[in-house]
Amino acid sequence: MASSISDQKFISLTNDFFSYVMRITDSGQLEHVYYGPTITVSEDLDLDPRVERALCSVYEGLKNENLNELSMEYPCFGRSDYREPTLKGRNKDGNSIFSFEYHSHEILEDKPTIRGLPSARGGMSQTLKLVMVDKYLQLELQLFYTIYDKHAVLTKSSKLVNRSDHKIILEKIASSSLEFPAGDYDVLHLHGTWSRELNTERLPLARGRFVIDSKRGSSSAAHNPFVAVLESDASEDHGKVFATALMYSGNFEISLEKGEYESIRVVTGINPHDFSWHLEAGGQLDTPEVIHVFSSNGLRQMSHTWQSFIVEKVSPLRFKDKVRPSYLNTWEACYFDVSSEKVLHLADRAVELGLDMLVLDDGWFGKRNDDTTSLGDWESDRDKFPEGIAALAKMVKAKGLKFGLWFEPEMINPSSELYRQHPEWVIQVPGRKASLGRNQLTLDLSQVAVVEHIFSLMDKHLSSCEIDYVKWDMNRNFTELGSTSLAAERQGELGHRYILGLYELISRLTEKHPEVLFENCASGGNRMDLGMLSYFPQTWTSDMCDPIGRLEIIHGASYLFPMDVLAAYIGPSPNHQNGRVTSLDSRFLAGFFCGARGISLNEADIDANLEDLKTYIQKIKSTQQEMLGGRFDRLLKRDNRVSWQFTTRDQSKVYVLCFQILSATNLPITRVRLVGLEKKRKYRLLSEDKTYGGDTLMHMGLTFPHVSAWNKTSSIRRMDGRDFTAYLFELNRI
Ligand code: GLA
């Protein structure tokens, strides 16, 4: 069934996956009626009754129109609703009352874009535009809802237009509010920090408010701008899941509130903390898009929807299905100690290993011998690269490799020529000494001149130098948030204006250089959101390259992100972050399902592992295409064991990866049951030359390889009896 929007007695958005129903009440409120599996929206729906409650106020004196109990589409404070509002601010009279009633609506075949902000692509979709007005304040609120034919996705955003001749001061403007009827729900979210990004936490939603947010300037690893509200008995394969992700890379807030009548309200948008916006007469403000995913069958189905939607509608189209070059990155091989000689040597090694690309990471510009200096001075260090970067790129490419380069364009070291010339370009407040993060400050992207400067310097490099790939890094949280170019009363606009500047910058660059593969990075996964991923096709997942450290990160990432967008490399052992010693095999396998893969090893490491590396790189290359557009499944995560499945897009190949974290002896037999196979087809297990039915693999499964240091019985499937081992099953559908 195609998606449809009906606007009879109820306004309902329906496709094969869900229905989302609203209605306009007699008092003009936009009431939320239903969100869940597809239903027939007929004349009669058994609506929530208007119950008379003690100690409640009623809207405009209307009988029992108690907004505190009503499920509202875009709730505002102060007219009998005491829960978290979508909008806060001061109107022309200085009070905080905003109040919208239905005005009109239309159904659009084309999904509108959002001014200055990224949004999911339309196509086989329909959009509802609802207009609400605050007649007294002469404000117009536009709410946009898009529903797709082929995805269990609803996108929402809001826009406020000031049609009065007074300015208003906004202190909050959310993109979306969702309401769930009274019941028991859990929340699942992704939290973390540097090198431990995307950890998963699931909690029961208790009374009160549970908030995840960022006040750091970027979406950050502390909380990804993503939550899933689950029926409390929902599991991987059962139960309803309602997920939300904000397509925004700056300060955000997702507030989940269980009110006094036990319904849940989820309000998502730009973080109101330290936010204000002067909406001048005639002005308008657009909010970032929220993407809601519905699953009626648990978390697995939710993840599949996110994975395919991001590939089809969010990730840049020009890189869809394009193989991601395998690469050697200089970072953990050389750190700042790079030079022409070293890079060219490593390029030779990359050729010898069969890799596609050499990536020159940090250390190539200014006087960048450590992280105290030179961000901002993006000219090559002639002591390290006498011939310059353009010539180096040519030499690398003459060897048959692609060439990639690291930049951190949004940042500046106080010890830099740029800082000496333009101290006013830095985010700062008067009278306070700046806090440094990794010895650096943040350039103020709310300033047109700063965006222009970064654009022209990046454009110059990309035009004059044969660069195939850019690693776009960002290595600090914001502090002392203030701009030299904004008036005192507008300082609260800086956080959002920064993100608007960033989006303008990266959209201009990616449009002008469509062939360049940009990788999103922020000390690893500190800005891993759908905003960045709508411009950049892949992301550096984490600085944690130890395979065991990565397990949790990939597990968490898989709730939301397709493997297409994740980058992984084989790093050194002992690992440089946690010191863990692991085999090359485990390091290779932990990142095996990622779209972009490579190595970051020095020459001694390469020499010590040459033949194995050649085999692994051959494997990366022969699977480059099939790692795109496939399906990732979490099969097992218990005690010391983790198992994942990856099924190629055409479903002809299935990989099952098993990790034994710590070795143990005399373990019970564990079965790994595969998912999503064709039950009537047969699958050949390559390593054992055996054939199993799809139904058998799904219901009976395969045994998790036996772990033992002493029992070497050759007839059983075994893993080495040591810590941190991995095993890969490869199955071909026949
Ligand atoms: C960040 C990145 C690393 C590396 C360094 C270079 O930490 O996440 O991969 O590029 O910066 O300084």
Going highest first, how would you order 253-262, 423-432 by mean Cβ packing within 10 Å?
-> 253-262, 423-432
Give the residues of the range 149-188 whose amide nitrogen is closer than 19 Å to a point set 7 Å from the Cα of Tyr82 in the direction of its Cβ.
-> 182
What is the dipole size for the range 588-657, taken about its Cα centre, with +1 at each Lys and Arg Cβ and -1 at each Asp and Glu Cβ, in debye to the nearest 20?
-> 500 debye
Given Tyr148, Tyr102, Gln138, which one lies farthest toward the positive end of the charge dipole of the range 99-152, if we put +1 on the Cβ of every Lys and Arg and -1 on the Cβ of every Asp and Glu?
-> Tyr148
Residue separation times 0.36 nm, minus the C-alpha to C-alpha distance between Val429 and Asn666: what's the value?
-> 79.1 nm
Helix 494-512: inclination vs the chain longest Cα principal axis, degrees, rounded to 10, gives 50 degrees
Full-extension gain in nm, Asp274 to Arg209, via 0.36 nm per residue minus C-alpha separation | 21.5 nm
What whole number of Å gives the distance from the Cα centroid of the range 215-235 to the Cα centroid of the range 558-583?
-> 22 Å
Evaluate the relative contact order of the chain (contact order divided by residue number), counting alpha-carbon pairs under 8 angstrom at least 6 apart; express in whole percent.
-> 10 percent
Let me know the Kirkwood hydrodynamic radius for the range 381-452, please, with Cα pairs as the basis and the value in Å to one decimal.
-> 14.8 Å
Viscosity 1.306 mPa s, 10 °C: Kirkwood-radius Stokes-Einstein D of the range 1-113 over Cα pairs, µm²/s | 100 µm²/s
Using a simple charge model, +1 on the beta-carbon of Lys and Arg, -1 on the beta-carbon of Asp and Glu, nothing else, what dipole does the range 585-734 show about its Cα centre, in debye to the nearest 20?
-> 820 debye
So for the pair Asp184, Asn640, with labels modelled 7 Å out along Cα→Cβ, what separation do we get in nm?
-> 3.4 nm
Burial-style ranking of 351-358, 676-683, average other-beta-carbon count within 10 Å with highest first, yields 351-358, 676-683
Sites Arg717 and Glu678 - FRET efficiency at Förster radius 22 Å, r taken between beta-carbons, to 0.05 = 0.40
Would you calculate, for the chain, the mean residue ellipticity at 222 nm contributed by helices, counting each DSSP H stretch of 4 or more residues as -39,500 (n - 2.57) and dividing by all residues, to the nearest 500?
-> -5000 deg cm²/dmol
Highest average packing first - 720-726, 438-444, Cβ atoms within 10 Å | 438-444, 720-726
So if we plug the beta-carbon distance of His103 and Glu201 into 1/(1 + (r/R0)^6) with R0 = 56 Å, what FRET efficiency do we get, rounded to 0.05?
-> 0.85
³J(HN,Hα), Karplus 6.51/-1.76/1.60, whole Hz, each residue of the range 538-555, x for Gly, Pro | 9, 9, 6, 6, 5, 6, 7, 10, 5, x, 6, x, 6, 4, 4, 5, 6, 4
Taking Lys679 as the anchor, which lysines have their alpha carbon closer than 27 Å to its alpha carbon, excluding any fewer than eight residues away along the same chain?
-> Lys150, Lys240, Lys637, Lys653, Lys690
With r defined as the distance between the Cβ atoms of His238 and Thr703 and R0 fixed at 25 Å, what FRET efficiency is calculated, to the nearest 0.05?
-> 0.50
Placing +1 at every Lys and Arg Cβ and -1 at every Asp and Glu Cβ, with all other atoms neutral, what dipole size does the chain have around its Cα centre, in debye to the nearest 20?
-> 1540 debye
Roughly what % of DSSP beta bridges within the range 1-143 run antiparallel, to the nearest 5?
-> 95 percent
With Cα atoms, 0 to 90° folded angle of helix 340-353 axis to the chain main axis | 80 degrees
Classified through the alpha carbon gyration tensor (a ≥ b ≥ c as square roots of its eigenvalues; rounded if a/c is under 1.5, else prolate when a/b is larger than b/c, else oblate), the range 637-677 comes out prolate
Estimated distance in nm for a label pair at Asp383 and Ser42, the labels positioned 7 Å out from Cα along Cα-to-Cβ | 8.2 nm
So what's the gap between the Cα centers of the range 1-20 and the range 59-102, to the nearest angstrom?
-> 27 Å
Local net charge near His105, Cβ-Cβ under 9 Å (Lys/Arg +1, Asp/Glu -1) = -1
Evaluate the Debye formula for the chain with equal point scatterers sitting on the alpha carbons, no solvent, and hand back log10 of I(q)/I(0) at q = 0.05, 0.06 Å⁻¹, in q order, two decimals.
-> -0.26, -0.38
Against the longest alpha carbon principal axis of the chain, how many degrees, from 0 to 90 and to the nearest 10, is the axis of helix 448-464 turned?
-> 30 degrees
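Coordinate-derived values only; no laboratory data. Treat the numbers as computed from the prediction; the structure is a model and nothing was measured. Methodologically, a virtual Cβ is constructed for each residue, glycine included, from the backbone with ideal geometry; neighbour enumeration extends over all protein chains shown.
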